[in-house]
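To keep things clear, I will list the structure first and then write my remarks on it.
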Amino acid sequence: MSEFPCTLSLHEGFGESHLDLFLDIDGNSRLITFGTVASYWDLLQSGSKITFQRKKDHRRIYLDLEGEIEDKGRLRILFRGSAKTDSKPEQVSGWTELTATIKDGTMML
């Protein structure tokens, strides 16, 4: 099982409010990023499995970024911790979507 740092952020004020899931698969590369609608946060917290769609990779700063982003709205971190998957990290970088849930304080992919 692979485990790596992740952050789930609420992105508001730039298009429709949405969730961004940032995955740091190797501690070096740009963050593998997935997104879904903001309203799924309540479902995710209750243990439901949510599907995220692949987005463009983000700069590493987004793993800890919270607050206003010039001309791009604002981010609020909702979850910070570890993500676990049965896949190898290099496989995750090729995914176009993923299903995730929060279990025992860990983002399970």
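Determine the gain in length on full extension of the stretch Ser29-Glu68; use 0.36 nm per residue of separation and subtract their C-alpha separation, reporting nm with one decimal. It would help to have the intermediate numbers written out before the result.
Values: separation 39, 0.36 × 39 = 14.04 nm, distance 2.37 nm.
Length gained, Ser29 through Glu68: 11.7 nm.
Taken over the chain, the convex hull of the Cα atoms encloses 89 Å³ per residue. Of the residues Asp26, Asp57, the one with the largest accessible area comes first in the ranking Asp26, Asp57, computed with a 1.4 Å probe on protein heavy atoms. Pairs of lysines in the chain whose Cα atoms sit within less than 19 Å of one another amount to 5, provided the residues are eight or more positions apart or on different chains.
Using heavy atoms of the protein chains and a probe of 1.4 Å, the accessible area assigned to Thr96 is about 100 Å². Put the Cα centre of segment 58-109 next to the Cα centre of segment 8-28 and the gap is 6 Å.
How do Met108, Met1 rank by accessible surface area computed with a 1.4 Å probe, from largest to smallest? Kindly include the intermediate steps, with their values, before the conclusion.
Values: Met108 55, Met1 145 Å².
Ranking Met108, Met1 by accessible area, largest first, yields Met1, Met108.
Entry comment: accessible area of segment 40-90 is 69 Å² per residue, from protein heavy atoms only and a probe of 1.4 Å. Specify the residue with the greatest mean-square fluctuation among Ser93, Ser82, Ser46, computed from a Gaussian network of the chain linking alpha-carbon atoms under 10 Å apart. Fluctuation is largest for Ser46. Can you pull the percent of segment 19-109's accessible area that's carbon plus sulfur, 1.4 Å probe, other chains left in place? For segment 19-109, the apolar C and S fraction of the accessible surface comes to 44 percent. For segment 8-71, the direction-averaged projected area of the alpha-carbon convex hull comes to 4.8 nm². Measuring nothing but how far apart in sequence close Cα pairs (under 8 Å, 6+ apart) lie, relative to its length, the chain scores a relative contact order of 34 percent.
Ordered by solvent-accessible area of protein heavy atoms (1.4 Å probe), largest first, the residues Lys72, Lys49, Lys88 come out as Lys49, Lys88, Lys72.
The values are calculated or read from the model by the stated rules, or taken from the named source; none is laboratory data. This one's a predicted model, so the numbers in the text were calculated from it and none came from an experiment. Quick note on the areas: whole protein, heavy atoms, side chains included, nothing else; ligands and nucleic acids left out. Shrake-Rupley method; radii C 1.70, N 1.55, O 1.52, S 1.80 Å.
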